[in-house]
Amino acid sequence: MSERNRGVASALLARGCCAAGTYECQVPMAIAGHREDIDACIADIVAALNAANIPTVASCCGHGRRGTIALADGRELIVVNVQKVSAP
């Protein structure tokens, strides 16, 4: 992901998760020679997978619920929102 898009993603993430069905929290990314709009909260993961020659074909952060990243080979990664829990 370019530095410019990384900055856009950071600004979008600071606002919080967008509602399902909206596209305002996405960043443009080149995947397999095509422009794809990727949810900001998983854009780094999608970029890393594609950079490692693990092509993705679809993704959704889940907008506060369970999300998915579909890989070209048919596997699917589950994206969950893991929150930090402080020790008592």
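Just so it is clear, none of the values below were taken in a lab; they were calculated from the coordinates. What you are looking at is a predicted structure, and each value in this text was computed from that prediction instead of being measured. When we count neighbours, we look across all protein chains shown, and the Cβ atoms used for this are built from the backbone with ideal geometry, even at glycine.
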Practice item. Based on the mean of other Cβ atoms within 10 Å per residue, sort peptides 56-65, 38-47, 72-81, 24-33 so the most packed one is first. Key: 38-47, 56-65, 24-33, 72-81
Check your understanding: Got a sec to turn the phi values of the range 46-56 into Karplus ³J(HN,Hα) couplings, 6.51 cos²θ - 1.76 cosθ + 1.60 with θ = phi - 60°, whole Hz, x for Gly and Pro?
Key -> 4, 4, 5, 4, 5, 5, 8, 6, 10, x, 9
